[in-house]
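Participant: Have a look at the structure that comes next, please.
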Amino acid sequence: MQLLTIFLIALSLSIDTFTLSLTYGLIVIPKKTCITTSLTVGIFHFIMPLLGYKLGNILKTYVNINEKYILIIVLILIIIEMIKSLNEETKEHKLNLLNILLFSLLVSIDSFTLGIGINYITNKIYLSSLIFFLVSSIFTYLGFKIGKFVGNKLKKTSKLFGVILLIIITVYLICKP
């Protein structure tokens, strides 16, 4: 069940990456840039939960709080942010190195905050980060490719799917003893 939960969270965290790369897919982007951006996003989704995990452990030594509550709060904040972004229009930008790094950082901040409370789900932080890396890299690449064909039609639907998935996971964690 831990692996399924981690995979579903990775899927939810990758939705914003997917929708943003859908938008970029509307622009003609060279295949090399698609691959570079996808891998960079994956690397950030690998590193950020590890940093959050380290910060969570440091905070845990100073503040005695249950990881379950931290994780639930973080998931609720991510859900709120995703709901707020449902109607936002994504601005069109070209992808140079700086934009790729900013793109990767912005879509992986939620992975950082999730890392703070991930102890509640699993103690296999490296496996979780690897799953986040793989799923986010694949979803970024798919977003670029699908964006060429579909355009903005899937953007809102995929964000809504991510919100629903995170709500289900959050309710599950709240009900879990």
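Bear in mind that the values in this text are calculations on the coordinates, not laboratory data. Just so we're clear, the structure is a prediction, and the values are computed from it rather than from any experiment. Cβ placement follows ideal geometry from the backbone for every residue including glycine, while neighbour counts extend to all protein chains displayed.
Participant: Multiply the residue gap between residue 36 and residue 97 by 0.36 nm, knock off their C-alpha separation, and tell me the result in nm, one decimal place.
Facilitator: Answer, rounded to one decimal: 21.0 nm.
Participant: Would you kindly state how much longer the chain becomes between residue 62 and residue 7 on full extension, computed as 0.36 nm times their sequence separation minus their alpha carbon distance, in nm to one decimal?
Facilitator: Gain in length upon complete extension: 16.8 nm.
Participant: Let me ask you something else. Could you give each residue of the stretch 16-22 its phi-based ³J(HN,Hα) in whole Hz, using Karplus coefficients 6.51, -1.76, 1.60 with θ = phi - 60°, and x for Gly or Pro?
Facilitator: 5, 5, 4, 5, 5, 6, 4
Participant: Once you put a point 7 Å from the Cα of residue 105 and another 7 Å from the Cα of residue 164, both along the Cβ direction, what distance in nm separates them?
Facilitator: 3.5 nm
Participant: I've got another one for you. Length gain on complete extension for the stretch residue 80 to residue 54, per 0.36 nm per residue less the alpha carbon to alpha carbon distance?
Facilitator: Gain on extension, residue 80 to residue 54, equals 6.9 nm.
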